[in-house]
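The values are calculated or read from the model by the stated rules, or taken from the named source; none is laboratory data. Just so it is clear, the structure is predicted and the values come from calculations on it, not from any experiment. Neighbour counts are summed over all protein chains in view; Cβ atoms, including those assigned to glycine, are modelled from backbone coordinates with ideal geometry.
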Amino acid sequence: MKANPTPKKRSISLQYDIVSTLSEANRLVSSQKKLRRLPHIFTRVLELPFRSDADVSVTETPDHLRFAVTTDDVGDDVRTQTIQLHPGVTKVVIRGRNFLDLSLDGLGVELDLDLWRFRLPASTLPEMASAAYSDGELVVTVPKCGADDDEEGVWSAGTRPLQQRPRPTQPTTEPIKYGDVFPVSGSLASKPIAPQDAATMQSAENTVLGNTQKGGPAAVMNSAATKNERAGLVSHEQVTDVVATDGVTISQANVAGSRIITEAVGDQVVGEYARPPPVAMTSPASALDRDALTIGEALQATALSAGNKPVDQSDAAAIQVAEMRATGSSEVIPGGIAAQAQSAATTNARLILDENKTKLSDILTDATAKLPDDKPATREDAERVIGAELRNDPNMVTYPGGVAESVAAAARLNQSTK
């Protein structure tokens, strides 16, 4: 079966409108229409530009996962791009001149199309993924760094696993080399990753980027070096001659509104990934603009977009963080919406029928009136609320139109209309 990329001639447009002269109730309904749906999020996921029923061959070895699909000519510029949707949440997508770029504003927020997705195990290195097209076949390779007890499977439009396979394991008899985890060649590929190599790269990331990048080259090198040292295959003070002679380098460049970070050992690139540029926060004057969407209004909009959803622990956690961010309090307000949500989640867990459970609309209707204080939603508010909902959801996803997505959309709209 030949898979065809998503059509390039697809017209997608989004239009938002706020009529400030409407009543408060009408303005809330209007602003809710602007709350953009975020995609389902997994810790690591590979997304191919084909429909979910595409015939994709998946092969696993101790060193990598290989995805192959027969398709029409996609050009010679096919490549992978790693997008960080949220700290610790990474997606790998395929780019090329014959592929439709569905991303919005380069921030990893995408339209929810029926695409082929694969949930990658924790042992994979998404930032090191590569893609190539030859003889009518697109091949994507995702390296691995040791075994891990995570689950994997093909996901249809972020819904359910379609197939799962046990991961083969084998004893470690040789050190993990650069060529095992990075797309390098020459003598460096056969060099074992040493502890002092990892320490050097980690120091460089801290100096240039401000911290060690989660899942980045330094983290990968540190994991590999630790395993090599524990197996007695390298010493703690050992350093690869390439690092000792040529060192490591980290460079940054702004390309098409994204910050491209390139990391290299000697003259060979071991990591290249994109980060969205920093979003300037609104000034106090504009943040207090009467047209800015507040956290309370975002919660109130959730009562409209996901009001029939029974309250669970992920909702209660997200509402608690939202309440604290809105009021500036470090404690749950007795009798407030966070306390009500937690009580509802605990009670709902004991009930079987959804019709008997407390819904989000029961808690969040008139949220602005229930909050003792409120504030315009910001990017930092959204990140905290999203993190709370993800950590407390067993599938690590946000609910469509739920608390996290509503606050995130409100923050995004405040930034775009400042």
Checklist entry - Within the range 251-297, which residues are modelled with pLDDT of 80 or more and not in a strand (DSSP E or B)? => result GLY266, ASP267, ALA292, LEU293, ILE295, GLY296, GLU297
Item to check | Filtered residue count, the range 170-205, keeping only those that are free of Cβ contacts under 8 Å to residues at least 60 places away in the same chain, more than 19 Å from GLU272 (Cβ to Cβ) and not β-branched (Val, Ile, Thr) | outcome: 13
Checklist entry - Got at least one residue in the range 220-230 being among the β-branched types (Val, Ile, Thr) and surrounded by 20 or more Cβ atoms within 10 Å (Cβ to Cβ)? => result yes
Item to check | One residue from HIS40, HIS64, HIS86 being modelled with pLDDT of 85 or more and of a type outside the set (A, V, I, L, M, F, W, C) | outcome: HIS64
Checklist entry - Counting residues that are more than 26 Å from THR43 (Cα to Cα), which helices (runs of 4 or more DSSP H) fully inside the range 298-395 reach at least 2? => result 313-327, 337-348, 360-364, 367-370
Checklist entry - Which one of ASP366, ASP393, ASP362, ASP354 is in contact (Cβ under 8 Å) with a residue 12 or more places away in the chain, out of contact with any Lys or Arg (no Cβ under 6 Å at 6 or more places or on another chain), on the phi > 0 side of the Ramachandran plot and among the acidic types (Asp, Glu)? => result ASP366
Checklist entry - Out of ALA199, ALA225, ALA244, ALA219, which single residue is out of contact with any Phe, Trp or Tyr (no Cβ under 8 Å at 6 or more places or on another chain) and either within 20 Å of THR82 (Cβ to Cβ) or part of a loop (DSSP other than H, G, I, E, B) (or both)? => result ALA219
